[in-house]
Structures are given as C-alpha cells and as structure tokens.
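The values are calculated or read from the model by the stated rules, or taken from the named source; none is laboratory data. Not measured: the values here are computed from a predicted model. Here the Cβ is made from the backbone with ideal geometry for all residues, glycine too, and neighbour counts use every protein chain on show. In case anyone asks, the SASA skips ligands and DNA or RNA and just uses the protein heavy atoms, side chains included. Shrake-Rupley method; radii C 1.70, N 1.55, O 1.52, S 1.80 Å.
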Amino acid sequence: MRKSILILFLMTILLSMISFGKGEITFSKDIKNVTAITEPSGSGELFTAIAIEYKNNVDKKSLTKDTFSVEGRTVVNIYTNDRLELKNENKNGKYIIIELDKEEEGAVLRIQGSGRTSGFSFNISEPEAKITQKSGIIFTNGKKYNSGIDSFSNNNIKRLIVDDFKQFEYRDIKTGVTVKYNLYIPKNYNKNKKYPLVMFLHDASVQSNITTATLRQGNGATVWATPEEQEKREAFVLASQYSTQIVNDKSEYTLDLDATVNLLTNLMKTYSIDKNRLYTTGQSMGGMMSIVMNYKYPDLFAGSYLVACQWDYSVVSPMSKNNIWITVSTGDLKAYPGMNAITTVFEQNGGIVSKGTWRGDFTKEQFNSGVKEILLKNPSSNIKYTTLEKGTIPGVKTQQNSGGAEHVYTWRVAYNIEGIREWLFTQKK
C-alpha cells in the first residue's frame, strides 16, 4: 500500500513538470514558455533579453533586479508585461522580461565558419540561457510561486526585426539562376500607395544556404526595417542570400548578379513599388555588386550607398552621374585606393565629388553633423566620399595594423549613420 502511494506521489510530481523539446529544458507547471530574445546590430546578432511566460499574471511589485540570474550574463532590468515585448510599462502581466547587458562580450552570438572556404557551412551560435530563480514571486491572484527547480533554459527564440522578414526563392528564367531572398513588407502595406525599396547585398563571409544568414550577421539589411526607421521612412527591404561568391577582386561576376536585378524587376510587378525610388547598398562583395549594377544599369537606382568596396575603375564611367555615397576606411588596403581611383574617374566624366574625413568612433551626433557638412560643402555634388581614419574604428586595435580588420569593421559603423540613411531616401529619379 505504501509502495503504491509512493509511486502515485512520484507520478504526480512528474506530471506537474512540463518538458519542451530538449530533455534538459524542464519547467514548473506554472511556466508556459521561456523565450530568448535577440536583436541585430552592426557587430552581429545580440542576445539581449529573456521572456518567461507564466499561466497567471505576475504582480510586478514582487520583482527585483535580483529575482533571477542568468549564467554568464549581467541582468540590467527585470519587469512584467502583458505581451512578449521589451517595454517596461509598469503593469502586471503574464510575462517577466529579463533584460541583459548589450555591451558585454557574451551578448554577441558567435559566427562559425568562413565564406572563403570550399564547402562552406555558415552558422551562428543559438542563444541559450541558464536561468536561476533566486527568490519567490507572487501572482496577482495572491498565489506565491517559489521555483522547485534551481535553474532552467529557454525553449523558444524570438529574433527582433529578423522575424519581420519573409523568406522566398526566385527562379530567374533568363539566367536559369535561383536567388534566395528575404523581403520586408511594410506593416501597413497598401497596394494603392507607391513605396520605395532598399536592396542590401551582403559580403562574401556570409555565403550560406541559410536564407536568413544575411539578416543575422550585421545590420546592413535590418537597420532599414526597424520600427523607428519605418516610421520615418516606410519602405520595402530586400536582402538576397548567396551561397557562392558573386563577384571577386579580379572584377569578375556571375550570372547571379543579373538574376538579382531581374528579381528586383519581378518584385516591382508583384508589389506597389516606386520605380523612381529604388536604392541599393552593400558591404564588400555586396558593395562591389552594387557598383556593377550601377554601371550596367545606370538608370535603375535613384541612389546607392557603397561600403568598403572597390572595382576596376576603367569600366565605371557610365555611373559617374548617379547619386552615390561611399564610405571606406583609410586603413582598408583595397577599398581605399580602389575608391580613390573610381572617384577620379567620376570627376573626369562629369561627376561632382564632395569629400570628408571622419573618425570611426564618432558619436551619433558627430556623424550626423559630418553628414550635414558634406551636404553643405557642395549641394550640387552627386557623389559623397567619406573616409574613416585608420585606427579609429571601434574594435580595431592600432597594433594590429590590419587592413582586413579595417575593412570588416567599417560596416559595423557604416549603417548606424542615420544622416546617410536619410540622404539616400531623398534621392529620386
């Protein structure tokens, strides 16, 4: 009899626990889900918060910043919300939001692999959290909750901005090439309204069969789709994904480039996109693709933003009258001399170039002041050429003296300059 009671007791305990997917992820019966929240940045995908969803509303007054700890991370804020959102509105809800330090080293999800190796397999580490409840909480119904488990992990992932893109494949009949791509469609899309479109083209290091890889490596695509950006500059955002190198340092390119242009044409037939407000931007390989598209199809784009790239200067003259903003580091051993040669060709063929030199560690306000200076220097210029001083970009160590680091770290800065983003959207054909 006692043995039967003991078995029944143990079964009751087991049934009060819920396991989600992984064997080690086990929750109390009061917890529904634990979601790791990431957000894109110039440095890569950041693991910035955790949302614990309960079956009952949590009394916000029962929480302190020390109620939970997260292994290897610094907790900066804890609050309740009635939805899975990083917003402290000082109200009770079924979610406890744990915000983590974005600046600490552990926030960046690491990238494994190299796009320049054969048989490349791109991978970004997934956000995994070991959470410990250190003190009890109280639900609004008066029930007290003290976790009987020392720690637990997340079973879900929410990627801010990235999850707002949809993934597709385009089969180009003309070239026979299939292009994978991500598309952000404005939240209040109205087919009776014309929208601009920004196309972001990634660099060679993120070659992958994973369609969303380009959205998670940096913020060259996602920066245009943030709620703040869309409120100011509502637009479609296109981010294609390539598994092979499309252009190289010998100024050669594959049919994927033309297939991407055909994809753009196809999207204009499918959605209400303004053909007079098409914009292209890219870093390294993507910037080189943008250059080729500009001289092959000089009437296609209203404006372009070229980051840390170069090309054969002898073929670029057809794009001399286009509206272009260029950003490179003076420590970039290829892009800097390459763009010096290209801007000389522009000037020789009727282009008007305004130049400026900035520190890579400027504040947001300093960068925007720098943009205003460039625009005022010569309002009639169609080419803006800004350089970042060698050794000043955050993350590049002076003792490295590495053109490679200066190259890669340029795009960690470039897409955070709001003044340039604003300039791009003022361009119209």
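Entry note, the chain: relative contact order of 12 percent, from Cα contacts under 8 Å with a spacing of 6+ residues. Taking trypsin sites (Lys or Arg not before Pro) across the range 167-215, the ones in a DSSP loop with at most 11 further Cβ atoms lying within 10 angstrom of their Cβ are LYS174, LYS187, LYS191, LYS193.
Between the residues PRO337, ILE420, ILE352, the greatest Cα displacement towards the positive end of the dipole of the chain, with unit charges on the Cβ of Lys, Arg, Asp and Glu, is found for ILE420.
Helix 335-348 and the longest principal axis of the C-alpha atoms of the chain enclose an angle of approximately 40°. Computed from point charges on the beta carbon alone (+1 for Lys and Arg, -1 for Asp and Glu), the dipole magnitude for the range 339-429 about its Cα centre is near 160 Debye. The GluC sites (Glu not before Pro) found in the range 36-99 that occupy coil by DSSP, while having at most 13 further C-beta atoms within 10 Å, are GLU71, GLU89. Rolling a 1.4 Å probe over the heavy atoms of the protein chains gives the range 178-289 an accessible area of 35 Å² per residue.
Measure off, as a whole percent, the carbon and sulfur share of the 1.4 Å-probe accessible area of the range 275-429, all protein chains present. Answer for the range 275-429: carbon and sulfur cover 49 percent of the accessible area.
Taking amide hydrogens as placed 1.01 Å from N in the peptide plane, the amide H of ILE273 sits under 5 Å from those of TYR195, each at least 5 positions away in sequence or on another chain. Relative to the longest principal Cα axis of the chain, at what angle does helix 403-414 sit, 0 to 90 degrees, rounded to 10? That works out to roughly 70 degrees. Ranking LEU263, LEU300, ILE383 by Cα position along the charge dipole of the chain, where only Lys, Arg, Asp and Glu carry charges on their C-beta atoms, puts LEU263 farthest toward the positive end. For the residues GLY287, GLY220, GLY106, a GNM of the chain with alpha-carbon springs under 10 Å puts the largest fluctuation on GLY106. Relative contact order, percent, of the range 331-385 when contacts are C-alpha pairs under 8 Å separated by at least 6 residues? Computed over the range 331-385, the figure is 42 percent. Shape analysis of the chain based on the Cα gyration tensor places the equivalent ellipsoid semi-axes at 47, 23, 21 Å, largest first. Round to the nearest 10 and give me the degree value, 0 to 90, for the angle of helix 285-296's Cα axis relative to the longest principal axis of the chain. Result, in degrees: 40. Excluding same-chain neighbours fewer than eight residues apart, the aspartates and glutamates reachable from LYS55 by a Cα-Cα span under 12 Å are ASP30, ASP82. For the range 150-204, the mean projected area of the C-alpha convex hull, equal to one quarter of the hull surface, is 7.8 nm². Shape analysis of the range 253-338 yields a ratio of the Cα radius of gyration to the Kirkwood radius, Rg/Rh, of 0.98. For the listed residue pairs LYS166/LYS428; LYS194/LYS364; LYS29/LYS61; LYS194/LYS321; LYS61/LYS143, the alpha carbons are over 19 angstrom apart in LYS166/LYS428; LYS194/LYS364; LYS29/LYS61; LYS194/LYS321.
Taken about its Cα centre, the chain carries a charge dipole of roughly 1120 debye when the Cβ of each Lys and Arg holds +1 and the Cβ of each Asp and Glu holds -1.
Dipole orientation for the range 149-297: of the candidates ASN156, ASN192, VAL247, ASN192 has the Cα lying most toward the positive pole (charges on Cβ; Lys, Arg +1; Asp, Glu -1).
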